[in-house]
1. Can you give me the long-range amide H partners of Leu43? Hydrogens built in the peptide plane at 1.01 Å from N, cutoff under 5 Å, separation of 5 or more residues or another chain.
2. Apply the Karplus curve 6.51 cos²θ - 1.76 cosθ + 1.60, θ = phi - 60°, to the phi angles in region 104-115 and return the couplings in whole Hz, x for Gly and Pro.
3. How long is the gain from Asp103 to Gln10 if the chain were fully straight, where each residue apart is worth 0.36 nm and the alpha carbon distance is subtracted?
4. Stretch Leu124-Glu73 to full length: gain in nm at 0.36 nm per residue minus the Cα-Cα span?
5. Using a simple spin-label model with points 7 Å from Cα along the Cα→Cβ vector, what separation in nm is obtained for Tyr24 and Glu46?
6. Give the long-range amide H neighbours of Cys131: residues separated by 5 or more places, or on another chain, with amide H under 5 Å away, using H modelled in the peptide plane at 1.01 Å from N.
7. With θ taken as phi - 60° and the coefficients 6.51, -1.76 and 1.60, list the Karplus ³J(HN,Hα) couplings across region 65-71 in order, rounded to whole Hz; mark glycine and proline as x.
8. I'd like to compare 106-118, 18-30: which one has the highest average count of other Cβ atoms within 10 Å, and what's the full order after that?
Amino acid sequence: MNTEGLRSGQVAEAAGVNIQTLRYYERRGLLAEPDRSPGGHRLYDEDAVTALRVIKAAQRLGFSLEEVAELLESGRHRHGRPVPGLQQRAQAKLAEVDAKIADLTTIRAALAAALDAGCDDLTLCAASPCCPIPFTGLAEEMRHAGPCN
């Protein structure tokens, strides 16, 4: 890595992103505007690589780009005032993940029960009193008694 700064391609490669992603994050304000070489090329410092890696890691943890921007901003401008930081946001994100896991676990159980029951036709299955899929109100509308396998 040279002492003058890293060019866009070098930063993108080091961080594992493409150049369009790098420029997009720059436009969104997630990355600081880089210095320019005498020839007009963008020149980034090593912090840009770290920032890109942090952004991508936060996204993999489920944070949206807007949330990442807020986290980065709160880290830059604490100045002694309380700003919701990583701890609070990570706790909220963990609660979201737990809720999604609970929903997916319920969906998985219903699908497994439908497979075990041999459901082949949603309309017939929904009308059956032994249908394992949690239809609400749909079974009342259809009074076709489907077989329970």
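Bear in mind these aren't lab numbers, they're just calculated from the coordinates by the rules spelled out. Predicted, not measured: the structure shown is a model, and the values here were computed from it. A quick note on method: Cβ atoms are made from the backbone with ideal geometry, for glycine too, and the neighbour counts reach across all protein chains shown.
1. Result for Leu43 returns Asp35, Arg36, Ser37.
2. Ordered by residue, 3J(HN,Hα) equals 5, 5, 5, 4, 4, 4, 5, 5, 5, 5, 5, 5 Hz.
3. Values: separation 93, 0.36 × 93 = 33.48 nm, distance 4.20 nm.
Going from the current span to full extension adds 29.3 nm.
4. On the way: separation 51, 0.36 × 51 = 18.36 nm, distance 5.43 nm.
Residue separation times 0.36 nm, minus the Cα-Cα distance, leaves 12.9 nm.
5. 2.8 nm
6. Under 5 Å from the amide H of Cys131: no residue qualifies.
7. Result, rounded to whole Hz: 4, 5, 5, 4, 4, 5, 4.
8. Details: 106-118: 12.2, 18-30: 14.7.
By packing density, highest mean first, the sequence is 18-30, 106-118.
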